[in-house]
Amino acid sequence: MSDIKERPYHHGDLRRALIETALAMLATDQNWAFTLREVARRTGVSHAAPYKHFRDKDVLLRELARIGFERLGQAMAGAMASARGAMRGKFVAGAQACIEFALHNPGLYRLMFSSDADKAADPNLHDAAMKTFGILLRLLEEGQRSGSFRPVAINALAAASWAQVHGLAMLAINGQLLEEKVGPEPIRAALDVLLDGVCCGE
């Protein structure tokens, strides 16, 4: 495991301290191979302390994923709110924010969509993921109402859009968007192709 500075815990919110330590470990190593014992050590508490807040490692991982979806949603919503112009511009801003989030948080992003972050086992995680997905749905619905997006089944538009953006994010964090394969600006080019099919001549 990579060398991570100890984060000694002295007082206050133990649960938050454990989460912050785990997020730092996830960011450094870009995986979640750590144990609760290691999280406790780096937080500066006894190895039994995490169990006061997290029954096991899976519970902690699901909480990290929930935080990830919350932060992703904030990034997407902020980018869309700041975007100027038509619905197409808002879509691109939100998509680029998602991909940038993945690039800056590759370990967290992978965890969010992994089987180790079981949304069926945690209603809070499920709700956070759906809330983030809802940002895309609301944008598509608004675009359809304004006549900017094609009047087809909203679920089909959402599935195509999410699959494209998530796929680009995963390719980006895995270093697969090589210029010799996909050109100098693959993300924008791929989004333009998607939007040419989604938009009504905007």
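The values are calculated or read from the model by the stated rules, or taken from the named source; none is laboratory data. No experiment lies behind these values; they were computed from the predicted model shown. Ideal geometry is used to build each Cβ from the backbone, glycine not excepted, and the neighbour counts take in all protein chains shown. Ligands, DNA and RNA are excluded from the accessible area calculation, which covers all protein heavy atoms including side chains. Shrake-Rupley method; radii C 1.70, N 1.55, O 1.52, S 1.80 Å.
Note on the chain: helix-only mean residue ellipticity at 222 nm, from DSSP H runs of 4+ residues weighted -39500 (n - 2.57) and normalised by residue number, equals -22000 deg cm²/dmol.
Quick one: length gained pulling residue 24 to residue 46 fully straight, 0.36 nm per residue minus the C-alpha distance?
Numbers: separation 22, 0.36 × 22 = 7.92 nm, distance 1.87 nm.
Computed gain between residue 24 and residue 46 is 6.0 nm.
Among residues other than residue 126 whose Cβ falls under 14 Å from its Cβ, what is the net charge (Lys/Arg +1, Asp/Glu -1)? Before the final figure, lay out the partial values.
Working: positive: 62, 66, 119, 131; negative: 63, 70, 118, 122, 127.
Spelling it out: positives minus negatives among the neighbours equals -1.
Quick one: net charge around residue 160, please, counting Lys, Arg +1 and Asp, Glu -1 for every other residue with C-beta under 13 Å from its C-beta. Working shown, then result.
Numbers: positive: 150; negative: 196.
Every neighbour counted, the sum reads 0.
For the chain, the per residue solvent-accessible surface stands at 52 Å², with DNA, RNA and ligands left out and a 1.4 Å probe.
Of the solvent-accessible surface of the chain, computed with a 1.4 Å probe and all protein chains present, 52% belongs to carbon and sulfur.
A Stokes-Einstein calculation at 4 °C with viscosity 1.567 mPa s, built on the Kirkwood radius of region 57-202 over Cα pairs, returns a diffusion coefficient of 82 µm²/s.
For region 34-119, the share of alpha carbon pairs falling in successive 10 Å distance bins from zero is 17, 34, 27, 14, 7, 1 percent.
Listed by chain and number, the aspartates and glutamates whose C-alpha is less than 19 Å from the C-alpha of residue 119, apart from same-chain residues fewer than 8 away, are 56, 58, 63, 70, 127.
Springs join every pair of Cα atoms under 10 Å in this Gaussian network model of the chain, and among 143, 175, 68 the largest mean-square fluctuation is at 175. For region 123-202, what class follows from the C-alpha gyration tensor (a ≥ b ≥ c being the square roots of its eigenvalues): rounded when a/c is under 1.5, otherwise prolate if a/b is larger than b/c, else oblate? Because a/c hits 1.5 or more and a/b fails to exceed b/c, region 123-202 counts as oblate.
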